[in-house]
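Inspection log for the structure reproduced underneath, given as structure tokens.
The values are calculated or read from the model by the stated rules, or taken from the named source; none is laboratory data. These numbers were taken from a predicted model, which means no experiment stands behind them. Virtual Cβ from ideal backbone geometry, glycine too; neighbours counted across all protein chains shown. Side chains included, ligands, DNA and RNA excluded: accessible areas come from the protein's heavy atoms. Shrake-Rupley method; radii C 1.70, N 1.55, O 1.52, S 1.80 Å.
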Amino acid sequence: MTTTDQPAPTTHPTPAAPPRPIPVTASPVMRLIGPLGTELYLPTSSTSLYNDRKRYGLKGFTDPGNLTEHPLELPRCMADAFDFSLIGAREFTMNDDDGQPVQAVEYRGRVYKRRDLPANRKLKLPEGDVKYSRGAKEGEEDIAAGAAGENRGYVTLAYFRKHAPPIAEFCKPGTLPQAQAAYEADKQLKKGMKIANAS
């Protein structure tokens, strides 16, 4: 066999070098708006984020987003445990029109009352849901109506209606066991309702 009859040597392409990691030199930044309009950009981290939110939330600093356009939706078991300082809201007790004490929160200068909701078959809402809301003002009709019309006449800040376990980072200090117990009770109630509906 002559040299011209020999197959050409197979060459393999040189493997590409693995991509180099992109260096990150800046810490994550949290943007907050103060009650007097002060805007802050604060360095934070995944381990300190919620504590930072609580610390500044106690002073009235809120997220730039508007929660009344996209209300919080949290587990039912956290209705008595949620730490409203996370969103810059202040909890207090006030009297309703009948002189009865009712829980409320102040958020961005507006007061939202706690409302324990009855069951609603038409909207498929079980008993035990809780929301914090206020009466709608002129021009807020679209916000108040809600996707299913359940908010008609009200602007809602937070709903507690999900059948889910509590979120530890969102609970007030010392309230996680209470929220976990409420979740277990809610599970049993839901299970009993399923059995009753099946029979």
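Can you tell me the accessible area per residue over the range 63-134, all protein chains present, probe 1.4 angstrom, in square angstrom?
55
At 7 Å along Cα-to-Cβ for each site, give me the label-to-label distance between residue 178 and residue 40 in nm.
Output for this residue pair reads 2.7 nm.
Need one number: nm distance between label points at residue 115 and residue 188, each 7 Å from Cα along Cα→Cβ, rounded to one decimal.
3.1
List the aspartates and glutamates whose Cα sits under 18 Å from the Cα of residue 59, skipping any in the same chain fewer than 8 residues away.
39, 83, 91, 106
I want the local charge near residue 130. Using Cβ-Cβ distances under 10 Å, sum +1 for each Lys or Arg and -1 for each Asp or Glu among the other residues.
+2
Report ³J(HN,Hα) in whole Hz for each residue of the range 103-109, in order, from the Karplus equation J = 6.51 cos²θ - 1.76 cosθ + 1.60 where θ = phi - 60°; Gly and Pro get x.
Going residue by residue, I get 6, 8, 10, 9, 9, 6, x Hz, with x marking Gly and Pro.
Quick one: length gained pulling residue 63 to residue 162 fully straight, 0.36 nm per residue minus the C-alpha distance?
So the chain would gain 33.4 nm between residue 63 and residue 162.
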